[in-house]
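The values are calculated or read from the model by the stated rules, or taken from the named source; none is laboratory data. Since the structure is predicted, the reported quantities are computational estimates derived from the model, not experimental observations. Virtual Cβ from ideal backbone geometry, glycine too; neighbours counted across all protein chains shown.
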Amino acid sequence: MAEETGQTPVPFRGGGFQPGARRWAPWAAFAAIIAGWQLASSTGLLPPLIMPSPYEVVLALGHLAASGDLTEHVGASLSRIAWGWSIGTLAGLGVGFAMGIWSLARSAGIPVVAALFPIPKIALLPLLILWLGIDEAPKIATIALGVFFPTVIGTYSAVDNVPRSLIRMAQSFNLPNPAIVWKVILPGAMPGILAAFRITSSIALILLVAAEMIGAEFGIGSFILAAGNLMQTDQLVAGVVLLSILGLTISFVLGRVEAWLLNWR
Amino acid sequence: MNNKKLVVAALAGLICVALAGPARAADKIVICALTFVSSSPLFIAADKGYYADEGLEPEFKFFRAAQPVALGVASGDCDFGVTGLTAGFYNLAGKGALKIIGAQSRVEPGFDFVAYMASNKAYDAGLTSVEAYPGKSVGMTQVGSTFHYMMGRLAEKRGFALADVTLKPMQSVPNMIAAVKSGQVDSILMVAHIAKALDGAGAAKIIGWVHQETPWQLGALFTSTWNVTERREMVEKFIAAYRRAATDYHAAFNQLDKDGKRTFGEAADALIPILMNYVGPKPTPAKIKAGAPFIDPDGRLRVQDIYDQVAWHKANGLVDDSVDPSAFIDLSFVDGHYDVPGN
């Protein structure tokens, strides 16, 4: 029939490729991982020498909370992250916008960023100690440095992606340059900048352990290091779980900030 | 065809002989250690052929930190290890994979091995003796390290709380040296050859020696629990070679003259070139003499001291309560251990 009329009926092929939200899925994924892990530990498949069981990790966390050290560790780390991330982000936003707007800043900045970004911040630790001592300053600086470069790159790429037509239109309405930056470029670049925030907040958490290697009495990073040195693997994993929870919390907060800042879309 | 088969059979036979030959000739053992003078008996035994005399074929693996040595033995990658006794070691031993079978270095009266040092700034401000520690900051490598323990024992002996000093983990010895030189910490504990060099260069001041305050069993020789149960004969052979070498070391480096000062005679001069091949980095005869600890000639442990160490670490929350020293010390390989606790 179809051949006769020369028309082939085409089934609707759209749909899919649109990941939505399943509220139960994240909980189920975590539950499955933890249940599998506990099962392996309980059956002896995973000896305690190699990996502590989730139950032991929870016990270690409970112990930490009961001793009152938990708040001290988390508090010390949160303040370092807050300072380091804020300083790195503010500086990175400033430099990134400059590189996104002015040719000279961009031409000079890109090679410098490319040269300095890949330096492992841990390698700079002895220098940071010489310059800044062993108190809070080098710890904050380590995190700030790690956050700075990805913020710069994320910001100037985001500025690049602001549609030029919008900028030209603003110019044709005779808006002054500062107003264009504030009203067109900043909101236009915001999605890219927020994506950079997601990356830099994780980098800040990763660098926490490195930052707290030197002279830290309290902090999640120093707690993890000490647990590793003491071969207390249950506490080591408990510290890692704390970092994960912190990461989840920050990711959740950023999601909220994103929804609020980008509701114009 | 037949010829080919014959050749194959002959080759297979040859390979079998080649594989079986050395296995019958010597037991292969892997020894893991740090390149410190405190590991000396291991090196002496290798150089003088004591392992070979026992039918052992040693292979050395060197590490830069004590922890990997203990982990290597626990995982079965190493047969024997010697390191300082840390809280991390005890926690690992408490999991049942390790057995202490003999002694390594001991902090013994008269033998400079670890010094209390003050930064120049702190020294000028009054940190001239160990009584002045309360209120000062002390750099150490890591939480639960031997430095941490020695500071804790000093606090006990001198009657101040360990919480009265601020302990700063610096992760490595070079970081500790940098921090005391620049005055960012008031004090560090440091091994003798580095401490004497720092003091001599005017970079920091030695204000006392650990052996004057709290002598203790600093290091031990250990093997895996599996070796003790499954390859006992091999462990006994190893101990025999180790003790011969420790006796040589004793004659060379453990000597005091009648005034209680250390003397190094011809025996030391004969051993130093051997040790220079193993000890790093950039060894000199003077550094080896300065860094040589007291090592028991027979591998005898101060057993009660190990129990005391575990108890101290437990009291300070550094070792798990479930760790039981009697479960990971095997006294059957060496006769005449000191201070064995009664049952």
Hey, A:Ile134 in contact (Cβ under 8 Å) with a residue 12 or more places away in the chain and either in contact with an Asp or Glu (Cβ under 6 Å, 6 or more places away or on another chain) or not in a helix (DSSP H, G or I) (or both) or not:
yes
Across the stretch A:214-225, what is the total count of residues that are at the interface with chain B (Cβ under 9 Å from one of its Cβ atoms) and surrounded by 24 or more Cβ atoms within 10 Å (Cβ to Cβ)?
4
Identify, by number, the condition in (1) over 31 Å from the mean Cα position of the chain (by Cα); (2) among the charged types (D, E, K, R); (3) outside any loop (DSSP other than H, G, I, E, B) that A:Arg13 doesn't meet.
(3)
Testing A:Leu230 on (1) touching a residue at least 60 places away in the same chain (Cβ under 8 Å); (2) closer than 23 Å to A:Ala60 by Cα; (3) more than 24 Å from the chain's Cα centre (by Cα), one condition comes back false. Which one is that?
(1)
Filter the stretch B:29-73 down to residues that are under 21 Å from B:Phe294 (Cα atoms) and charged (D, E, K, R) and give me whichever is nearest to the other protein chains (Cβ to nearest Cβ).
B:Asp47
Taking the residues in the stretch B:78-107 that are more than 14 Å from chain A (Cβ to nearest Cβ), outside any strand (DSSP E or B) and over 14 Å from the mean Cα position of the chain (by Cα) as candidates, determine which candidate is surrounded by the fewest Cβ atoms within 10 Å (Cβ to Cβ).
B:Asp79
Selection from the stretch A:108-130 of residues more than 11 Å from every other protein chain (Cβ to nearest Cβ) and either outside any helix (DSSP H, G or I) or surrounded by fewer than 15 Cβ atoms within 10 Å (Cβ to Cβ) (or both) yields A:Ala108, A:Ile110, A:Pro111, A:Val112, A:Ala114, A:Ala115, A:Leu116, A:Phe117, A:Pro118, A:Ile119, A:Pro120, A:Ala123
Filter the stretch A:82-106 for residues that are modelled with pLDDT under 95 and either more than 30 Å from A:Arg164 (Cα to Cα) or of a type in the set (S, T, N, Q) (or both) and give the result.
A:Ser103
Residue list for the stretch A:11-31, filter: of a type in the set (D, E, K, R) and more than 28 Å from A:Ile245 (Cα to Cα):
A:Arg13
Flagged in the stretch B:256-269 as over 11 Å from B:Ala292 (Cα atoms) and either among the charged types (D, E, K, R) or touching a Ser or Thr at 6+ places or on another chain (Cβ under 6 Å) (or both), in numbering order, are B:Asp257, B:Lys258, B:Asp259, B:Lys261, B:Glu266, B:Asp269
Which members of the stretch B:208-228 meet the condition of being surrounded by fewer than 17 Cβ atoms within 10 Å (Cβ to Cβ) and either within 14 Å of chain A (Cβ to nearest Cβ) or in contact with a Gly (Cβ under 6 Å, 6 or more places away or on another chain) (or both)?
B:Trp226
Restricting to the stretch B:139-152, name every residue that is within 11 Å of B:Ser187 (Cβ to Cβ) and either within 11 Å of chain A (Cβ to nearest Cβ) or of a type outside the set (A, V, I, L, M, F, W, C) (or both).
B:Gly139, B:Met140
Can you tell me which residue among B:Ala195, B:Ala179, B:Ala163, B:Ala155 is hydrophobic (A, V, I, L, M, F, W, C), within 9 Å of chain A (Cβ to nearest Cβ) and in a helix (DSSP H, G or I)?
B:Ala179
Counting residues that are within 22 Å of A:Pro126 (Cβ to Cβ), which helices (runs of 4 or more DSSP H) fully inside the stretch A:157-236 reach at least 2?
A:186-211, A:220-229
Just one of the numbered conditions (1) touching a helix residue (DSSP H, G or I) at 6+ places or on another chain (Cβ under 7 Å); (2) of a type in the set (D, E, K, R); (3) under 21 Å from B:Val185 (Cβ atoms) is not true of A:Glu217; which one?
(1)
Given the criterion more than 14 Å from chain A (Cβ to nearest Cβ), basic (Lys, Arg), in contact (Cβ under 8 Å) with a residue 40 or more places away in the chain and in contact with a Gly (Cβ under 9 Å, 6 or more places away or on another chain), identify the matching residue among B:Lys237, B:Lys205.
B:Lys237
Pair list, Cβ < 6 Å and 6+ apart or interchain, from the stretch A:36-62 residues that are under 17 Å from B:Gly94 (Cα atoms) to residues that are among the basic types (Lys, Arg):
A:Leu49/B:Lys95
Any idea how many residues of the stretch A:196-212 are within 11 Å of chain B (Cβ to nearest Cβ) and either out of contact with any helix residue (DSSP H, G or I) (no Cβ under 9 Å at 6 or more places or on another chain) or crowded, with 24+ Cβ neighbours inside 10 Å (or both)?
1
Identify all residues within the stretch B:120-163 that are within 23 Å of B:Tyr90 (Cα to Cα) and among the β-branched types (Val, Ile, Thr); write none if there are none.
B:Thr141, B:Val143, B:Thr146
Every residue from the stretch B:124-148 that is assigned to a helix (DSSP H, G or I) and either touching an Asp or Glu at 6+ places or on another chain (Cβ under 9 Å) or over 19 Å from B:Ile177 (Cα atoms) (or both):
B:Val130, B:Glu131, B:Ala132
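Every residue, every condition in (1) assigned by TED's automatic domain parsing to the domain that holds B:Thr263; (2) closer than 30 Å to A:Gly228 by Cβ; (3) of a type in the set (S, T, N, Q), yes or no:
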| site | (1), (2), (3) |
| --- | --- |
| B:Lys121 | no, no, no |
| B:Glu131 | no, no, no |
| B:Lys136 | no, yes, no |
| B:Ser145 | no, yes, yes |
Exactly one of B:Ala155, B:Ala204, B:Ala241, B:Ala220 is touching a Lys or Arg at 6+ places or on another chain (Cβ under 7 Å) and modelled with pLDDT of 95 or more, and that one is B:Ala204
